[in-house]
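Working notes, structure below.
The values are calculated or read from the model by the stated rules, or taken from the named source; none is laboratory data. Quick caveat: nothing in here was measured; it's all calculated off a predicted structure. Cβ: placed from backbone, ideal geometry, glycine included. Neighbour counts: every protein chain shown.
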Amino acid sequence: MTIIGLLLPDTVKVSRTKDIEVPIDSIKPYIFQLKSWTNWIYGADSVQVTMTGMSKDGNPAVMLMGGFEISIREKTDSTMVTVWKSKENPMQLSRITILPRNKNNAATVNWTFEQALKWYPWERLSSMMFEKIFGIPMELGLEKLKAVCEKRPYDLQ
């Protein structure tokens with residue numbers, strides 16, 4: 001088991017992408033302000049959310065959402081990088097990038113989660129489940145982000 005585990009990658013990445021048909025400036029507040037994440041992150045409406053710390057722009061820099069502490073690591077004009085920590089899971093890096101389309105009248109939003117893995121065989125083997133564990137909530141969240149930005153009803157179907 002150890003040898004098989006060592007043959008697997010030491011980092012796992014899960015990525016989802018969604019096209020949103022509104023100008024980039026209409027999407028940015030939902031991505032670059034943690035307090036707006038409660039409008040689209042899957043499950044955020046059913047857990048306690050607390051904002052703490054302030055960033056240079058006066059917005060919250062840390063969000064406690066359910067069992068996760070989410071903190072801003074880096075912010076550029078097109079990318080938001082956050083660190084997700086919880087008692088149950090090791091640190092995970094989240095990167096949300098907005099890519100312009102149609103002369104900035106639409107955008108592609110790419111969301112990636114990345115987690116470094118230890119050498120333990122059970123940890124490496126369990127990484128094969130990350131696609132299901134993270135992918136589905138990410139897909140649902142991006143679909144809700146699209147609905148919110150395009151100002152249309154959101155349906156889980």
Top-ranked residue of region 36-46 - restricted to ones that are part of a helix (DSSP H, G or I) and modelled with pLDDT of 90 or more, ranked as farthest from residue 140 (Cα to Cα): 36
Some residue of region 25-45 being more than 17 Å from the chain's Cα centre (by Cα), over 26 Å from residue 131 (Cβ atoms) and not polar (S, T, N, Q): yes
